[in-house]
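Data first, discussion second: the structure below is written as C-alpha cells.
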Amino acid sequence: MPVEINAAVVTVSDRCARGEQDDASGKLLVELLQEIDALVVHKEIMPDDLDPLAERLRELTEREDVNLVVTTGGTGVAPRDNTPEATRRVIEREVPGMGEAMRMETLKQTPMAMISRGVCGIRSGALIVNLPGSPAGVRECFAVIKPVLPHAVALIKGLPHHQAG
C-alpha cells in the first residue's frame, strides 16, 4: 500500500508576495504534486526573508498532516536568495543526492543550473525540497525527483524498505 503524500507548497518570492507577479511556479507545483496523487494541504507565498522562512519551514514540518514541504524560489545567488540557508537551519539530516541529481540533469538544459543552490533534507518526519523559482525549473527539477518521492516519504515515515514501494 503506497504511503499518502501530504504536501505543503511554499513560494519564496518578494514580487509574488507583494502581488507584483503571478505565482506561476507555485500553481504548477501544486498541479505536479496532484499528478502523483499527493494531497496539497497547505500553499502560501512568502517574501525572501531568512528568519520568517526558517520559522515557517519549522512550523510546517511539525504539522501532523505534512510529510513533504516543497519550496519554489530563492535558490539562486542573488543577495535575497535565502531558501537554502533557511532550509539548512531547520533540517536534521540532509539528502544531498536529490539536489545533486536535479542540478546534474538540469545542467544538460542550461549552464545556469550551476548557480542553483537548492537543498533537500529531513526534519520531524518530513522531507523538505527546494526547487528553483521559474516554472521551467520547477517542471524540470520535479521530473528528476518524482520517481523517488513516494519511496523517500515512506522511508522517512518509518516504513520498511520492502513496504516503501
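Loop-located GluC sites (Glu not before Pro) in the range 9-51 (DSSP state not H, G, I, E or B) with no more than 13 neighbouring Cβ atoms inside 10 Å: E20.
Residues considered: V70, V95, V12. Largest GNM mean-square fluctuation over the chain, using C-alpha springs under 10 Å, is found at V95. Is the range 37-121 best put as rounded, prolate or oblate by its Cα gyration tensor, with a ≥ b ≥ c the root eigenvalues, rounded for a/c under 1.5, and otherwise prolate when a/b is larger than b/c, oblate when not? Since a/c reaches 1.5 and a/b is larger than b/c, the shape of the range 37-121 is classed as prolate. Sorting S13, S25, S124 by the number of Cβ atoms found within 10 Å of their own Cβ, with the fewest placed first, yields S124, S13, S25. Computed over neighbours whose Cβ is under 11 Å from that of V30, the net charge equals -1, Lys and Arg +1, Asp and Glu -1. Restricting the calculation to Cα atoms, the range 65-115 yields a radius of gyration followed by a Dmax of 12.3, 37 Å. Loop-located GluC sites (Glu not before Pro) across the range 58-165 with a Cβ neighbour count of 12 or fewer within 10 Å are E64, E92, with loop assigned by DSSP. Look at the Cα gyration tensor of the range 52-94: its axes a ≥ b ≥ c give a/c of at least 1.5 with a/b over b/c, and that counts as prolate.
Between helix 50-62 and the chain there is an angle of about 20 degrees, using the helix long axis and the longest principal axis of the Cα atoms. Across the range 97-108, coupling constants 3J(HN,Hα) worked out from phi with the 6.51/-1.76/1.60 Karplus curve, θ = phi - 60°, read x, 5, x, 4, 5, 5, 5, 4, 6, 6, 5, 5 Hz, and Gly and Pro carry x.
For the chain, modelled as a GNM whose springs connect Cα atoms under 10 angstrom apart, the maximal fluctuation among R63, R88, R103 occurs at R63.
Our helix-only sum for the chain, with -39,500 (n - 2.57) per DSSP H run of n ≥ 4 divided by its residues, gives a mean residue ellipticity at 222 nm of -12000 deg cm²/dmol.
Where in the range 1-52 are there trypsin sites (Lys or Arg not before Pro) that are in a DSSP coil and have at most 16 other Cβ atoms within 10 angstrom of their Cβ?
Within the range 1-52, the qualifying trypsin sites (Lys or Arg not before Pro) (loop, at most 16 other Cβ atoms within 10 Å) are R18.
Working note: Karplus 6.51/-1.76/1.60 with θ = phi - 60° gives the range 131-143 the couplings 10, x, x, 8, x, 4, x, 4, 4, 5, 5, 5, 4 Hz, where Gly and Pro are set to x.
Rule-based calculations on the coordinates, nothing more; no lab input. Computed from a prediction, not measured in an experiment: that's the story for all the values here. FYI the Cβ positions are ideal-geometry reconstructions off the backbone, even for glycines, and counts take in every protein chain you see.
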